Amino acid sequence: MANTTTAPHDDPALVAAFEARIAAGESIEPKDWMPERYRRQLTRMMSQHAHSEIVGMLPEGNWITRAPSLRRKLSLIAKVQDEAGHGLYIYCGTETLGVDRHELVNQLLDGKAKYSSIFNYPTLSFSDVGVIGWLVDGAAIVNQTILAKTSYGPYARAMIRICKEENFHKRQGFELCAHLAKGTPAQQAMVQESLNRFWWPSLMMFGPSDTDSPNSGELLRWKVKRKTNDELRQRFVNLTVPQVQALGLTLPDPDLTFDEATGNWTFGAIDWDEFQQVISGNGPCNHERLAARRKAHNDGEWVRAAATAYAAKRASASTEAA
Amino acid sequence: MTADSQWPLWEVFTQGSKGLPFAHAGSVHAVDAENALLNARDVYARRGEAVNLWVVPSSAIVASAPSDAGPFFDPGNDKAYRHPQFYKVPRGVVVF
């Protein structure tokens, strides 16, 4: 949808009216007046989220050709296709803020855009597919269930659609892990090893700690975010620990203990240096992921050219006929 | 239009099942109407979410302006006599 509003000035009266609407729990729609900063913060968050969905196809896509059965292959193809769909829902939501998708895609391909740090880790065994569905999609559900109540209407609606589909992602992943956890000693060792590798990066998916999250205050005030990074992370840990126990697996955290007083699972210190390294481009697979995106984009150029030429030919044929 | 263009934008409307109204689902980029319909199916109806689809060029949508919502909808908002609650019914009588 084209954004037809002229460049807004952040007139204090308009800001006050906007904040009153937010406080009343109203949803903000594309053509509504919004502070420039709100528009920019949402563009940043939504485009990073869309990029994450697109790059998120790569780690698992790696295993499609080597899935051990037709059933697992079908699930994996469907899941990876969903991730492409999720990217498109959110790019479409971002466009309602007056940005071109083309511009956002170029930022990703040029290496100027951020995306979720988790996708810069390699998928070394097939059980990683299970652990990603279980933990990475599980973490995404915790995050996105809350984002479905975000103040920006198009983002909230995209999240509702995505959450429904993520449930399939998580279930197929958990089923795969449960299957391996009941399997041969080699299969048990394989899924445990995957869990060990993905546990800490999954906790990092919720972003920096509340004590070091510069954008959080403003985003919470505008109800873009409804819970802090640490609150969501704790919720994820509380949900996941019993699932790990149910499978007879362990988590690589000697400090993990249940706190009777709060009902929370307290966990050990997260390696924030690693997180910073990975989001600033120095993770194990950052280079590989972007190279794969660029290759896919360039290899698809003939398809775009053919579609454009075909449409032009049909348009001129119908003009001549008229 | 270059090969690298993102193509025109289309708004997608889905009908969840026969008899229901069409509702806005989102948008897609496509080179023409036929492809817009195919893209809309792949993006918005992977799990039987629609039995019918409409795609409309985004540029063809005419929308009311949120800033004028008050005066624009006012003619319909000040006529209490259009609602059944405006009319009194003797106590104990069931009209419907």
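The values are calculated or read from the model by the stated rules, or taken from the named source; none is laboratory data. Since the model is a prediction, treat every value here as computed from it, not as a measurement. All Cβ positions, glycine included, derive from the backbone under ideal geometry; neighbour counts span all protein chains shown. Keep in mind that these areas ignore ligands, DNA and RNA; they rest on the heavy atoms of the full protein, side chains included. Shrake-Rupley method; radii C 1.70, N 1.55, O 1.52, S 1.80 Å.
Every residue, every condition in (1) under 20 Å from A:ALA309 (Cβ atoms); (2) within 11 Å of chain A (Cβ to nearest Cβ); (3) more than 14 Å from the chain's Cα centre (by Cα), yes or no:
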position: B:PHE13; (1), (2), (3): no, no, no
position: B:GLY16; (1), (2), (3): no, no, no
position: B:PRO21; (1), (2), (3): no, no, no
position: B:HIS24; (1), (2), (3): no, yes, no
position: B:VAL31; (1), (2), (3): yes, yes, yes
position: B:GLU34; (1), (2), (3): yes, yes, yes
position: B:TYR44; (1), (2), (3): no, yes, yes
position: B:PHE73; (1), (2), (3): no, no, yes
position: B:ASP78; (1), (2), (3): no, no, yes
Practice item. Just give me the residues in segment A:122-151 being surrounded by 22 or more Cβ atoms within 10 Å (Cβ to Cβ) and either within 14 Å of another protein chain (Cβ to nearest Cβ) or in contact with a Pro (Cβ under 8 Å, 6 or more places away or on another chain) (or both), in sequence order. Key: A:ASP128, A:ILE132
Review point. Are there any pairs with C-beta distances below 6 angstrom linking a residue in segment B:54-67 that is within 22 Å of B:ASP42 (Cα to Cα) and away from every other protein chain (no Cβ under 11 Å) to a residue that is assigned to a helix (DSSP H, G or I) and open to solvent by 50 Å² or more (accessible area, probe 1.4 Å), with the two at least 6 apart or on different chains, and if so which?
Key: B:VAL55/B:LEU37
Point to revise | Count - residues of segment B:17-32 that are among the charged types (D, E, K, R) and surrounded by 12 or more Cβ atoms within 10 Å (Cβ to Cβ) | key: 1
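Return the only residue of A:GLU53, A:GLU103, A:GLU29 being touching a residue at least 24 places away in the same chain (Cβ under 8 Å) and open to solvent by 50 Å² or more (accessible area, probe 1.4 Å). I'd like the intermediate steps shown before the answer.
Working: A:GLU53 fails: open to solvent by 50 Å² or more (accessible area, probe 1.4 Å); A:GLU103 fails: touching a residue at least 24 places away in the same chain (Cβ under 8 Å).
Only one candidate qualifies: A:GLU29.
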Exercise for review: Spot the failing condition for A:ARG289; the list is (1) open to solvent by 40 Å² or more (accessible area, probe 1.4 Å); (2) of a type in the set (D, E, K, R); (3) within 26 Å of the chain's Cα centre (by Cα), and only one is missed.
Suggested key: (1)
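Here's the yes/no breakdown for (1) modelled with pLDDT under 95; (2) open to solvent by 20 Å² or more (accessible area, probe 1.4 Å); (3) under 17 Å from A:GLY130 (Cβ atoms); (4) touching a helix residue (DSSP H, G or I) at 6+ places or on another chain (Cβ under 9 Å):
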site	(1), (2), (3), (4)
A:SER69	no, yes, yes, no
A:ARG72	no, yes, yes, yes
A:LEU76	no, no, yes, yes
A:LYS79	no, no, yes, yes
A:GLU83	no, no, yes, yes
A:HIS86	no, no, no, yes
A:TYR91	no, no, no, yes
A:LEU108	no, no, no, yes
A:GLY111	yes, yes, no, yes
